[in-house]
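Single-structure report; data block below.
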Amino acid sequence: MHHSRKWIVLAAAASAAALALSGCAGGGAAESTTEVTVWHYWDGTNADTFDSMVKDYNASHPDVTIKPVNVPNADFLTKVQAAARSKTLPTMVIGDLIWVPQIAQIGTLADLSASIPSSTLSDINPALTSYGSLDGKQVSVPVSANNLGFLYNTDLFSQAGLDPSKPPTTWDELIADGKTILEKTGKPGYELYTQAADGGEGLTWDFQVNLWQAGGEFLTEDNTKAAFNTAAGKKALQYWVDLIKDGVSPFAPFGEFEKGKAASAQEGSWMVGIWANDPPFPFASATVPYPSDGKPATNLGGEQAMVFQGKAAQTTAAGDFLAWFLKPKQVTSWSEATGMLPVTNTVATSQAYLSWVDDHQPLLRPYVEQMADAKARPNTALYPKASNAFAQQIEKVLAGQASVSDGLDAAEAAVNNVLSGN
């Protein structure tokens, strides 16, 4: 991760913040400010855009100073834990969606429904707000979103005699196209995330898309037991096994598609922006293919903001900033500048935003459309361990070391063991 540009405040605001922090009352109430420190891991364009928006907010709210601080992604949770032990937590943190339950265990999070209008909360994609709903409180709100779509190499599709303007829309079509591409070009038609590397989440996150499409769920509604060892789970896993068996998908570390060595993959919306100015090959995007007797689905990612319960003035100011950040104007500006997907339905469906997408980033359009069918991963602090336990067992199936039924049985036992606290 690159270090974000250092944020600079106006000298007067900095002086006022220093007075407030040191407890000095001199100068009168008009000169005092409430400082809200925000930890995030963004860098590059994302950090620069956030800094710019913070400056706009600070300029229009002279009684508040929002202070962004970059914390590298790899160190983020460790630093939050250390800050909690030393009682030096920042007012707000912005981190990966799946961290919300873990951070909620580190420090007491404020109920943001007290400071963010209900009309704003109801406008946010419900899968995103549901993730931040813990114990009857809205302890986080999304500030960015992404999801998984279907990216494909149009050159390889053309070389195989396929029409690049007609990507597969169903599992059967994907398998058929994949076989044709393999036969005509010698390259796999579709890449899967087949190995439990990096804690297993790559495999699990990708697989959940097909599990949901088949009508299954990963965990029970209360997140206490595995729910994937069902007919839907067997169907989704058999689909993966068949892709590998037929040579359509390689059993290999993920990254073949991005190197031009596979014709397509389930890739995140962020790749559109990464490849916008210098694509490694001609590519196009589409919604994720799903079974003809199933339903569309994709998996959500992105960042959520959380406010630690502390001094009333800081908690209130943090909530006000988030309410401002989630207004249509700011959501639109943030989405257009960063290429992230809008977290509110009003912006995601607005003609102004969709026209911008069509004019500037047309390959984002399928991802935007998929937001209506997007789902979030289980919001439990045990999810990372459960994900790893699942992936380790499923990798054995994909490697041909276990049957679909035996693999799901083993994965169910492993996940349940994690969820029971063992």
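The values are calculated or read from the model by the stated rules, or taken from the named source; none is laboratory data. Nothing here was measured: the structure is a model prediction, and the numbers come from that model. Positions of Cβ are generated from backbone atoms using ideal geometry, with glycine treated the same way; all protein chains shown enter the neighbour counts. Keep in mind that these areas ignore ligands, DNA and RNA; they rest on the heavy atoms of the full protein, side chains included. Shrake-Rupley method; radii C 1.70, N 1.55, O 1.52, S 1.80 Å.
Brief remarks follow.
- Complete set of residues in region 217-235 that are more than 11 Å from Phe390 (Cβ to Cβ) and either surrounded by fewer than 17 Cβ atoms within 10 Å (Cβ to Cβ) or over 23 Å from the mean Cα position of the chain (by Cα) (or both): Thr220, Glu221, Asp222, Thr224, Lys225, Thr230, Ala231, Ala232, Lys234, Lys235
- Close pairs from region 411-422: first in contact (Cβ under 8 Å) with a residue 24 or more places away in the chain, partner among the β-branched types (Val, Ile, Thr), Cβ under 7 Å, at least 6 apart: Ala411/Ile394; Leu419/Thr224
- Selection within region 307-331 - in contact with a helix residue (DSSP H, G or I) (Cβ under 8 Å, 6 or more places away or on another chain), free of Cβ contacts under 8 Å to residues at least 40 places away in the same chain and either surrounded by 18 or more Cβ atoms within 10 Å (Cβ to Cβ) or within 30 Å of Leu89 (Cβ to Cβ) (or both): Val331
Quick grid of which residues meet (1) without any contact (Cβ under 8 Å) to a residue 40 or more places away in the chain; (2) in a helix (DSSP H, G or I); (3) closer than 24 Å to Asn299 by Cβ:
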{"residue": "Val69", "(1), (2), (3)": "yes, no, no"}
{"residue": "Leu77", "(1), (2), (3)": "yes, yes, yes"}
{"residue": "Val80", "(1), (2), (3)": "no, yes, no"}
{"residue": "Pro90", "(1), (2), (3)": "no, no, no"}
{"residue": "Ile94", "(1), (2), (3)": "no, no, yes"}
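- Being within 14 Å of Gln314 (Cβ to Cβ), out of contact with any Pro (no Cβ under 6 Å at 6 or more places or on another chain) and open to solvent by less than 70 Å² (accessible area, probe 1.4 Å) is a property that Thr65 has.
- Ser292 passes every criterion in (1) free of Cβ contacts under 8 Å to residues at least 40 places away in the same chain; (2) open to solvent by 60 Å² or more (accessible area, probe 1.4 Å); (3) small (Gly, Ala, Ser) apart from (1).
Residues are listed down the side, and each one gets a yes or a no for (1) acidic (Asp, Glu); (2) assigned to a helix (DSSP H, G or I); (3) surrounded by fewer than 20 Cβ atoms within 10 Å (Cβ to Cβ):
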{"position": "Leu354", "(1), (2), (3)": "no, yes, yes"}
{"position": "Asp358", "(1), (2), (3)": "yes, yes, yes"}
{"position": "Leu364", "(1), (2), (3)": "no, yes, no"}
{"position": "Tyr367", "(1), (2), (3)": "no, yes, no"}
{"position": "Ala372", "(1), (2), (3)": "no, yes, yes"}
{"position": "Lys385", "(1), (2), (3)": "no, yes, yes"}
{"position": "Phe390", "(1), (2), (3)": "no, yes, no"}
{"position": "Ile394", "(1), (2), (3)": "no, yes, no"}
{"position": "Gly400", "(1), (2), (3)": "no, no, yes"}
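- Sole exception among (1) under 16 Å from the mean Cα position of the chain (by Cα); (2) closer than 24 Å to Thr169 by Cα for Gly294, by number: (1)
- Residue in region 116-131 that is in a loop (DSSP other than H, G, I, E, B) and touching a strand residue (DSSP E or B) at 6+ places or on another chain (Cβ under 6 Å) present: no
- Selection count, region 263-281, where residues are among the aromatic types (Phe, Trp, Tyr) and either over 21 Å from Ala145 (Cα atoms) or exposed (fewer than 13 other Cβ atoms within 10 Å of the Cβ) (or both): 1
- Selection status of Gln304, outside any helix (DSSP H, G or I) and either under 24 Å from Val100 (Cβ atoms) or open to solvent by 60 Å² or more (accessible area, probe 1.4 Å) (or both): yes
- Scanning region 236-259 for residues that are open to solvent by less than 30 Å² (accessible area, probe 1.4 Å) and either over 18 Å from Ala391 (Cα atoms) or assigned to a helix (DSSP H, G or I) (or both) gives Ala236, Leu237, Tyr239, Trp240, Leu243, Gly247, Val248, Phe257.
- Test for Thr185: is it among the β-branched types (Val, Ile, Thr) and within 19 Å of the chain's Cα centre (by Cα): no
- Taken together, the criteria exclude Gly136 from residues that are modelled with pLDDT of 95 or more, over 23 Å from Phe390 (Cα atoms), open to solvent by 50 Å² or more (accessible area, probe 1.4 Å) and not aromatic (Phe, Trp, Tyr).
- Residue ID - farthest from Ala411 (Cα to Cα), chosen from residues in region 184-235 that are charged (D, E, K, R) and part of a loop (DSSP other than H, G, I, E, B): Lys187
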